[in-house]
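These notes are about the structure you will find just below.
What follows is calculated from the coordinates using simple rules that are stated; it is not laboratory data. Treat the numbers as computed from the prediction; the structure is a model and nothing was measured. Heads up, the Cβs are rebuilt from the backbone with ideal geometry, glycines too, and the neighbour counts pull from every protein chain shown.
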């Protein structure tokens, strides 16, 4: 598996090295994002594309009583998530499941929060994948997206190089919001960090 494909689905020794790098590189963005997320409401959360488990580790400190489920295509990443979040795993507050956002292996209404950090660039069908995330949320649940890039004039040159190398898809903030509403979310709130190009998007279901 080449370097570029390791970003999409980290596997093996190279994948672990890549995941460690991503955990490190995303730490600052997650720290900023956590200032704009009300984690006190989280009791049962699905982390879609949990990768190396770094963002989950940071989020879990804000929601110490929550039960986490990590989902990823890569078994190596699921094992790494358990290692990075070993205390939570040993306490029985973390389980991992191998699977895809295209067909989440959970009953409807299983979680009060769905979290995705730096993963939607690779999702095969955003509208349908957001709809699937909506399906597994309970009434009043939220989907939280944290990302370091979106489609905007000031980021197009950078994004173009990433798209070429990593086959990533970038949407405008308006497009993300529209797709989430088409998927059944009632309200979308967006917070941006313009200098870095980061954003937090919170999509709420009816009942909040």
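Scanning region 83-101 for residues that are in a helix (DSSP H, G or I), in contact with a helix residue (DSSP H, G or I) (Cβ under 8 Å, 6 or more places away or on another chain) and within 19 Å of residue 43 (Cα to Cα) yields a count of 2.
When each of 103, 110 is tested for being farther than 22 Å from residue 27 by Cα, out of contact with any strand residue (DSSP E or B) (no Cβ under 8 Å at 6 or more places or on another chain) and touching a residue at least 24 places away in the same chain (Cβ under 8 Å), the lone residue that passes is 103. Within region 43-59, the set of residues being farther than 18 Å from residue 193 by Cβ and either buried (at least 23 other Cβ atoms within 10 Å of the Cβ) or out of contact with any strand residue (DSSP E or B) (no Cβ under 7 Å at 6 or more places or on another chain) (or both) comprises 45, 46, 47, 48, 49, 50, 51, 52, 53, 54, 56, 57.
In this structure, residue 143 does satisfy being under 22 Å from residue 32 (Cα atoms) and either in contact (Cβ under 8 Å) with a residue 12 or more places away in the chain or in contact with a strand residue (DSSP E or B) (Cβ under 7 Å, 6 or more places away or on another chain) (or both).
The number of residues in region 172-191 being touching a residue at least 24 places away in the same chain (Cβ under 8 Å), surrounded by 14 or more Cβ atoms within 10 Å (Cβ to Cβ) and within 18 Å of the chain's Cα centre (by Cα) comes to 8. In region 24-51, of all residues being assigned to a loop (DSSP other than H, G, I, E, B), in contact (Cβ under 8 Å) with a residue 40 or more places away in the chain and farther than 17 Å from residue 77 by Cβ, the one that is nearest to the chain's Cα centre (by Cα) corresponds to 37.
Taken over region 83-105, the residue count meeting the criterion of being within 15 Å of residue 48 (Cα to Cα) and crowded, with 18+ Cβ neighbours inside 10 Å is 4.
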